[in-house]
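First the structure, in the form of structure tokens, and then the observations on it.
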Number of protein chains: 2
Amino acid sequence: MQKLINDPERFVDEMLDGLLLAHPDLLKASPADRRVLVRADLPTPGRVGIVTGGGSGHLPVFLGYVGTGLCTAAAVGNVFSSPSSAQFLEATRAANGGAGVLYLYGNYGGDVLNVDLAADAAEDEGIPTRSVVVSDDVAAAPPERADDRRGVAGLFFAYKCAGAAAERGDSLDEVAKIAGTAAEATRSMGVGLSAAILPTVGRPTFELQSGEMEIGIGIHGEPGVHRGPLEPADAVTERLVGAIAEDLQLGTGDRVAVLVNGLGATPREELYIVYRHTRHILDGLGVTVEHPYIGEYATSLEMAGASVSIMRLDADLAELLDAPARSPFFQR
Amino acid sequence: MQKLINDPERFVDEMLDGLLLAHPDLLKASPADRRVLVRADLPTPGRVGIVTGGGSGHLPVFLGYVGTGLCTAAAVGNVFSSPSSAQFLEATRAANGGAGVLYLYGNYGGDVLNVDLAADAAEDEGIPTRSVVVSDDVAAAPPERADDRRGVAGLFFAYKCAGAAAERGDSLDEVAKIAGTAAEATRSMGVGLSAAILPTVGRPTFELQSGEMEIGIGIHGEPGVHRGPLEPADAVTERLVGAIAEDLQLGTGDRVAVLVNGLGATPREELYIVYRHTRHILDGLGVTVEHPYIGEYATSLEMAGASVSIMRLDADLAELLDAPARSPFFQR
């Protein structure tokens, strides 16, 4: 296990120590629970709070999107494990500036359960809440069961748009509507070239031979839709972008944002090679890319591989992507 | 070879294609040579040009620091290979806004040779030039041969400070002086946990067993100063920060900038664990960290590992770090 760690059981807490030491101007821990991170400039009275969260090991997801024009608070779970409902509730209290709280997170069973419990308790405390669950991974289920899909890197688009809406003073219903619109306009698909290793487990989460790839893999190593010999980058890109374009029914005149995301160990040089052919494919379809993002936006520890996320834009979403944002991991 | 690439011989050019497709607002290729990237807003009359360059495979180094408040142009070599003197010369012509050109780059034989040839030719064309070679890797040579040290991630600090000085309108001599001051105030040291694989070679650049680490490794896999069993992150951090602090003679009252840099495959969670103990050590020495940077600033393809860079600050360097900057890979 080639990791720069100390006690595996302390992995998450020591990572949080480092983060809070590095960025006190941007982030702070809730006094009630150090596994709840909030914007350093809280409270923001009159603004809708956005709460996210989930398992650790995916930086910048989730806590890396706590910041100005992004999320307000994040509940931080163990590696690949949901935070507790108590942590989501504490994040809710911290994020509430009197205008209510939107839960915005990826579709995983544990997170859904714990957010729903937190939402019930928050409503009992008089905090109005809404929930938008992002299910962007087209590999995880067919279109007729789209609600069963996992949430992966496309979550970034929903954070960016909803965060900008909250920042400009939209109401809870408006922010929730924008988050829902962004989520419904977004699809993703990934390819894995190697497995991640959980610090406390010490062995790969799955086995993939050298020279093999897994198309449609999840960010916890969930099985994909195709395993076979590793293909050239352009062929892999066609598999990913082809599936997304079909599912989104992209066509001439569409405007999109594109995120080519590294899963952890894949160099940025390769992400730009994937972006190159993504553009060729979309150009061929008559689709205009207005907002490209290339880098590590949602990782799976040291997994090698990449994902492509595409959001169909309307004028409002495009404007919200352009709005300022700032966290330790993302600036606009 | 678990890489998302097409023809290995086309790796660099396809990466550049993707980069230019993604960031036409920030970067453009020189009409004379596509392996020369320049700021999209050139020319910038009256401003000192800063030219950098080197082998590919280290993103964001080198071309990722072409941007506002950073470098003006970069010559792009093959993977781990110097660009030609003709490419450095073309970058010089492109970067020249009438106030002369500073070469600012890392200490590698091929780059030094080719920059010197380009500088001679540029002077013949009437372009005044200066050169500052960054030699920040304390593992590469003892203090009495500090000029023999390699240039690694600490180059970022010199780019940031010199770029800000050029942007505010400093003269060529002033920008060169600031770059030199930043370079002399900076030390780095890294640890490798796995080797990179060159696309055209297809096998690791060196062999490192699972459970081993190499302290003092270079960003091309150059041998370090110690190979042995992988130690806990805090012990590794003590080796790196201890060597740097001794070489820089850091002591009570010093103010520093710190960069914890990922070499490619190491998750950002681990970088924050390294930053945590870096802070503990510096706090113990009475040294104040004013500018922390954590992320991938200078990589070695998919090498696992990290490096720490520390720059001793004075008031001018601190102000220059705070100045605005923007490239596809770095924003301030």
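A few notes on this one:
- Cβ-Cβ FRET estimate between residue A:173 and residue B:212, R0 fixed at 45 Å, reported to 0.05: 0.20
- Calculated [θ] (222 nm, deg cm²/dmol) that DSSP helices of n ≥ 4 give over the protein assembly as shown, each run adding -39,500 (n - 2.57): -10000 deg cm²/dmol
- Value of Rg/Rh across chain A [Cα atoms, Kirkwood radius]: 0.95
- √(5λ) per eigenvalue of the Cα gyration tensor, the protein assembly as shown, largest first, Å: 38, 28, 25
- Model label sites at residue B:146 and residue A:319, defined 7 Å from Cα along the beta-carbon direction, differ in position by 5.5 nm.
- Label-zone membership for the stretch B:39-67, site residue B:200, 7 angstrom Cα→C-beta point, backbone N under 17 Å: B:54-58
- Ascending list, in nanometres, of distances separating the residue B:24 label from those of the other copies (7 Å, Cα toward Cβ): 4.6
- Between the amide H of residue B:305 and those of B:193, B:263, B:264, B:265, B:266, distances stay under 5 Å, these residues lying 5 or more places away or on another chain, with hydrogens modeled in the peptide plane.
- Approximate spin-label separation residue B:32-residue B:288, in nm, with each point projected 7 Å along Cα-to-Cβ: 4.7
- Using only Cα coordinates, the Kirkwood hydrodynamic radius of the stretch A:8-184 works out to 15.7 Å.
- Ordered by the count of other Cβ atoms within 10 Å of each Cβ, fewest first, B:3, B:160 give B:3, B:160.
- Size-normalised alpha-carbon gyration radius of the stretch B:186-321, reference 2.2 N^0.38 Å: 1.06
- Calculated from backbone phi, Karplus (6.51, -1.76, 1.60) coupling profile of the stretch A:316-322 in Hz, x at Gly/Pro: 5, 4, 4, 5, 5, 5, 6
- Inter-probe distance in nm under a simple model that places probes 7 Å from Cα toward Cβ, at residue B:10 and residue A:246: 2.4
- Taking 0.36 nm per residue of separation and subtracting the Cα-Cα distance, full extension of the segment from residue B:25 to residue B:226 would add 67.9 nm.
- Potential lengthening of the chain between residue A:40 and residue A:235 amounts to 65.8 nm, from the contour at 0.36 nm per residue minus the alpha-carbon distance.
- By the beta-carbon count within 10 Å of each Cβ, the least crowded to most crowded order of B:84, B:56, A:307, fewest first, is B:84, B:56, A:307.
- For the protein assembly as shown, a simple Cβ point-charge model (Lys and Arg +1, Asp and Glu -1, everything else neutral) yields a dipole of about 340 debye relative to the Cα centre.
- Using C-alpha pairs under 8 Å with a sequence gap of at least 6, the mean separation divided by the residue count of chain B gives a relative contact order of 18 percent.
- With neighbour counts taken as other beta-carbon atoms within 10 Å, the residues A:316, A:254 rank, fewest first, as A:316, A:254.
Every number in this text was worked out from the coordinates using simple rules, so none of it is lab data. Quick caveat: nothing in here was measured; it's all calculated off a predicted structure. For neighbour counting, all protein chains shown are included, and Cβ atoms are generated from backbone atoms with ideal geometry for every residue, glycine included.
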